[in-house]
1. Which residue is nearest to Phe103 (Cα to Cα), if the candidates are limited to the range 185-205 and must be touching a residue at least 12 places away in the same chain (Cβ under 8 Å) and either among the basic types (Lys, Arg) or open to solvent by 30 Å² or more (accessible area, probe 1.4 Å) (or both)?
2. Here are Ala406, Ala467, Ala413: which of them is modelled with pLDDT under 90 and open to solvent by less than 30 Å² (accessible area, probe 1.4 Å)?
3. Restricting attention to the range 475-491, which residues are in contact (Cβ under 8 Å) with a residue 60 or more places away in the chain and either in a helix (DSSP H, G or I) or surrounded by 17 or more Cβ atoms within 10 Å (Cβ to Cβ) (or both)?
4. Run Thr98 past the list (1) over 30 Å from Ala307 (Cα atoms); (2) of a type outside the set (A, V, I, L, M, F, W, C); (3) crowded, with 19+ Cβ neighbours inside 10 Å; (4) modelled with pLDDT of 75 or more and report the number of the one that doesn't hold.
5. Take the residues in the range 68-95 that are hydrophobic (A, V, I, L, M, F, W, C) and modelled with pLDDT of 75 or more; name whichever of them is most open to solvent (accessible area, probe 1.4 Å).
6. Could you check, for the range 503-517, whether at least one of its residues is open to solvent by 60 Å² or more (accessible area, probe 1.4 Å), modelled with pLDDT of 90 or more and more than 28 Å from His411 (Cα to Cα)?
7. Restricting to the range 433-457, count the residues that are part of a helix (DSSP H, G or I) and touching a residue at least 24 places away in the same chain (Cβ under 8 Å).
8. Can you give me the ranges of the helices (runs of 4 or more DSSP H) entirely in the range 181-298 with at least 3 residues that are within 35 Å of the chain's Cα centre (by Cα) and of a type in the set (S, T, N, Q)?
Amino acid sequence: MDVNVQAMIFEFIGGLGIFLLGIKYMGEGLQKTAGDRLQEILDKTTSNPFMGVLAGIFVTVLLQTSTGTTVLTVGLVNAGFMTLRQSIGVIMGANIGTTMTAFIIGIEIKEYALPILAVGALMLFFLKNNKLSNLGLTIFGFGSLFFGLDLMGSGLKPLRDIQMFHDLTVSMSETPILGVVIGTVFTVIVQSSSATIGILQSLMTEGAIELKAALPVLFGDNLGTTITAVIASIGATIAARRAALTHVIFNLIGTIIVVAVLPLYTIFISNLQTWLELNPAMTIAFAHGIFNFSNTIIQFPFIGLLALLVTKIIPGEDTAVKYKPQHLDPIFINQSPSVALDQAKLEVIHMGKYAIKGLEETSMFLNSNSQKNSEMALQLEGALNNLDREITSYLVELSGTNFSDAERNNHSALINSVRDIERIGDHFENIIELVNYRISNKVDITEQGMIDLNEMFDLTISTVKEAVTSLENMDREAALNVVQKENEIDKMERRYRKKHIIRLNEGACTGAAGIVFADIISNLERIGDHAVNIADEVLGERQKH
């Protein structure tokens with residue numbers, strides 16, 4: 001039989017494109033309808049692994065991609081919002097949630113794809129209400145999904161008459177591992193297990209592949225979807241790499257178990273198809289759903305073991321910056337305000353130490369140009385912003401309670417210091433941007449300029465360190481030293497600015513280098529001001545700089 005190969009390929013790749021677009025828009029529409037609170041949902045509801053599984057299912061159904069949920073989870077683990085154990089539950093849930101797409105595909109409404117598309121497009125273009133236009137986006141994605149499937153099906157239809165493809169499916173029936181490998185490779189290429197399972201459903205519907213050959217490919221698709229999370233975790237913290245590896249191991253163990261009992265599973269699914277009178281696409285959806293659900297039930301009791309295993313495979317002390325406060329317990333606010341105040345102080349000092357570490361990393365970045373230093377500093381800056389919000393709201397809640405005069409002074413000192421520490425983070429973030437500008441525009445700062453910058457950096461770091469120490473111990477002597485050092489920083493800034501203008505006039509330094517230099521010392525001087533504000537809280541004579 002003569003097959004028009006070009007038409008077949010064009011219909012298939014065009015259909016695949018529209019299908020992937022459909023999944024993307026459907027996920028975006030659902031996500032916007034739910035509000036951008038997905039990260040919050042994951043963060044708040046993962047107190048135990050079981051809740052993690054439910055959160056994983058829910059978020060994946062909204063995102064329409066298990067990869068999206070896993071990447072989000074890797075990000076949360078990376079930021080120290082979530083522990084490895086909590087993330088394993090979410091990843092298991094994501095695997096169940098992703099089966100929803102296959103069930104949606106199993107619904108036979110292909111002939112209504114175009115009108116659904118039209119309704120979605122009209123809503124998107126003509127409705128100005130945000131909620132309704134998000135709903136339009138979801139409906140448009142839903143229609144695109146089916147329209148893309150329809151096109152893919154038409155493109156794949158002739159395959160059943162091609163001998164070579166027929167031989168391949170026979171080989172996959174006889175050697176399931178071949179099917180698993182094909183499914184894995186294809187999903188890695190397409191980067192979406194929903195798409196490759198959709199293709200499989202189309203092949204089954206067109207009668208181009210039998211259940212016996214389709215199931216191994218299905219399990220391969222499931223395995224291939226883990227690769228994206230692995231890619232997302234490259235260069236991330238140890239904890240994030242462990243979360244991605246967990247996803248691989250979880251799916252790999254599941255695939256090994258099911259391939260070991262494949263003949264039985266095939267008979268079971270085949271009988272299920274007869275009992276429930278399922279269409280071919282729905283049969284694949286059930287095979288996928290039951291597999292992922294069973295895999296979660298089997299492996300759920302071993303979450304601790306999985307965590308231990310990946311910790312052994314990826315050893316090392318985790319250096320994740322913890323974005324969450326470690327000491328703020330709301331129970332103390334009413335029961336013992338003075339203990340709550342002590343806890344808040346511990347948290348402020350912890351925050352101060354993060355600011356010092358961030359400054360040190362920024363100083364190293366200035367000299368090394370290594371992105372590792374800048375990433376660490378930016379992570380610390382993110383943690384400072386989060387701690388600022390959390391500590392401030394804790395202290396505001398605490399302000400209604402009965403304090404002694406000394407406690408009231410401490411309370412206001414902490415509220416003010418938190419703000420100053422957070423601003424220090426903003427200034428070292430500015431310096432990182434300036435260094436990045438210097439790197440990307442190949443701006444050269446003179447040797448003398450670098451010596452001056454490093455000297456001022458060292459003095460600024462030591463001033464901030466002393467300010468945090470003075471607050472920690474309420475040490476007046478240390479606070480007076482800070483005031484002295486800050487005066488020195490101010491003098492240094494004026495002196496270096498003059499030297500730098502002389503260099504500019506002599507032509508020893510370019511205008512661009514001059515701007516970078518002047519802005520860095522100006523940010524360091526501002527950091528000195530914030531350090532002295534903290535010292536003034538200790539001395540009880542705060543004058544805002």
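1. The first filter runs over the range 185-205 and keeps only residues touching a residue at least 12 places away in the same chain (Cβ under 8 Å), leaving 185-188, 190-205.
When the remaining residues are screened for being either among the basic types (Lys, Arg) or open to solvent by 30 Å² or more (accessible area, probe 1.4 Å) (or both), the result is 185-186, 188, 191, 205.
On the way: Val185: 23, Phe186: 21, Val188: 22, Gln191: 20, Thr205: 14 Å.
The selected residue is Thr205.
2. Numbers: Ala406 fails: open to solvent by less than 30 Å² (accessible area, probe 1.4 Å); Ala467 fails: modelled with pLDDT under 90.
Just one listed residue meets the conditions, Ala413.
3. Matches in the range 475-491: Arg476, Ala478, Ala479.
4. That leaves (1) as the condition not met.
5. At the first step, the residues of the range 68-95 found to be hydrophobic (A, V, I, L, M, F, W, C) are 71-72, 74, 76-77, 79, 81-82, 84, 88, 90-92, 94.
Still in the list and also modelled with pLDDT of 75 or more: 84, 88, 90-92, 94.
Values: Leu84: 29, Ile88: 2, Val90: 0, Ile91: 2, Met92: 2, Ala94: 1 Å².
That would be Leu84.
6. no
7. Residues in the range 433-457 being part of a helix (DSSP H, G or I) and touching a residue at least 24 places away in the same chain (Cβ under 8 Å): 15 in total.
8. On the way: elements: 193-205, 211-224, 226-233, 238-260, 262-276.
Filter on the range 181-298 gives 193-205, 226-233, 238-260.
The values are calculated or read from the model by the stated rules, or taken from the named source; none is laboratory data. This is a predicted model, so every value here is computed, not measured. Backbone-built Cβ (ideal geometry, glycine too); neighbour counts: all protein chains shown. Protein only, heavy atoms only, side chains kept; ligands, DNA and RNA dropped before computing areas. Shrake-Rupley method; radii C 1.70, N 1.55, O 1.52, S 1.80 Å.
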